[in-house]
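Data first, discussion second: the structure below is written as structure tokens.
The values are calculated or read from the model by the stated rules, or taken from the named source; none is laboratory data. Source: prediction; values computed, not measured. Neighbour counts are summed over all protein chains in view; Cβ atoms, including those assigned to glycine, are modelled from backbone coordinates with ideal geometry. With ligands, DNA and RNA removed, areas are computed over all heavy atoms of the protein, side chains included. Shrake-Rupley method; radii C 1.70, N 1.55, O 1.52, S 1.80 Å.
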Amino acid sequence: MSNMHSPLSQPAEAALWAIATMDVREHPPDFAVLRVPSIVENYVDSLLETLTAEYLAGESRFEIALEQLARERLHQNWSARRESLRDSFGVSVDGRVEDQDFMLLVQLRNAVAHGTGTLTRLQRARLSEQLELERNLRQRLLVRVDGYRLRTTRETALSAMRIGNRFVRVLDIEAGPALRGRGLA
């Protein structure tokens, strides 16, 4: 039998379909910059829900309270999601190019969503980091940087879609053993 890759999980397939069916011609580029990280966030949250379901199914008041705290922590932000996957389930793509590109996309999403198209105050806090962020946005997401102003292009939207697609694929492949180990895949 040939060496076949394991199939992707249902949440990964749903995320990939949502990304693939976005029509960048119908929306401004910022739409993809905002939408792709949201799709990926939903996928990662589904993955965390699946992996934690057997542990967070208590019936006592204490178990329910503990479950609520754990769920809030798991979905708090990207750092918490990544730490939960890595520390609790051994699922990590930290340091891989797909992860670096996706975290850059999250930075751009934050600038678009919270900085109204400019770098946020936090992103401008240290000049050396700001200059590196601007360079990466130009090179890897094809963003036009004019001072603090960021202008996304159709190519930015297409890059965001590719980055989201690759991140979901590598994370789902990495999560495969954890899912199969629990009889979930």
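So with the 1.4 Å probe, I'd like the accessible area per residue for region 58-138, rounded to whole Å².
Working: 4870 Å² over 81 residues.
In whole numbers, region 58-138 has 60 Å² accessible per residue.
Which whole-angstrom value gives the distance between the alpha carbon centres of region 12-49 and region 125-173?
16 Å
Quote the relative contact order of region 71-185 in percent (integer), defining contacts as alpha-carbon pairs under 8 Å separated by 6+ residues.
Numbers: 86 pairs, mean separation 29.4, N = 115.
Taking the mean separation of contacting Cα pairs over the length of region 71-185, I get 26 percent.
What shape does region 62-118 have by the C-alpha gyration tensor, where a ≥ b ≥ c are the square roots of the eigenvalues, rounded means a/c under 1.5, and otherwise prolate means a/b greater than b/c and oblate the rest? Write out the running numbers ahead of the final one.
Details: a/c = 6.04, a/b = 1.48, b/c = 4.07.
Oblate is the answer for region 62-118, as a/c is 1.5 or above yet b/c matches or exceeds a/b.
Rounded to the nearest percent, how much of the accessible area of the chain (1.4 Å probe, protein heavy atoms only) is carbon and sulfur?
After summing per-atom areas, the C and S share lands at 51 percent.
Taking the highest mean first, how do the peptides 158-168, 139-149 order by number of other beta carbon atoms within 10 angstrom per residue? Please list the in-between numbers first.
Numbers: 158-168: 22.5, 139-149: 14.9.
In descending order of packing, they fall as 158-168, 139-149.
List the residues, sorted by chain then number, that are 5 or more residues from Thr118 or on another chain and whose placed amide H is less than 5 Å from its amide H.
Leu150
Jot down the per residue volume, in cubic angstrom and as a whole number, of the convex hull over the alpha-carbon atoms of region 132-179. Walk me through the numbers before you get to the answer.
Numbers: hull volume 4.0 nm³, N = 48.
Enclosed volume per residue, from the Cα hull, is 83 Å³.
Over all directions, the average projected area of the alpha-carbon convex hull for region 7-93 comes to how many nm²?
Working: hull surface 28.1 nm².
Across all orientations, region 7-93 yields a mean hull projection of 7.0 nm².
Pairing the Cα long axis of helix 10-20 with the longest principal axis of the chain, what angle in degrees results, from 0 to 90 and rounded to the nearest 10?
Approximately 20 degrees, to the nearest 10.
At R0 = 30 Å, how high is the FRET efficiency between Glu63 and Ile173 if r is their beta carbon distance? Nearest 0.05 is fine. Working shown, then result.
Working: r = 33 Å, r/R0 = 1.09.
Computed FRET efficiency for Glu63 and Ile173 comes out at 0.40.
Using only the Cα atoms of the chain, each taken as one equal point scatterer with no solvent, compute I(q) by the Debye sum, divide by I(0), and report log10 of the ratio at q = 0.10, 0.12, 0.16, 0.18 Å⁻¹.
Cα-only, vacuum Debye calculation for the chain: -0.45, -0.63, -1.01, -1.17.
Cα convex hull of region 111-154: mean projected area in nm², to one decimal?
2.8 nm²
Which chymotrypsin sites (Phe, Trp or Tyr not before Pro) in region 17-123 pass both tests, a DSSP loop state and at most 13 other beta-carbon atoms within 10 Å? Walk me through the numbers before you get to the answer.
Details: sites: Trp17, Phe31, Tyr43, Tyr55, Phe62, Trp78, Phe89, Phe102; in loops: Tyr55.
Those that pass, being in a loop and sparsely packed, are Tyr55.
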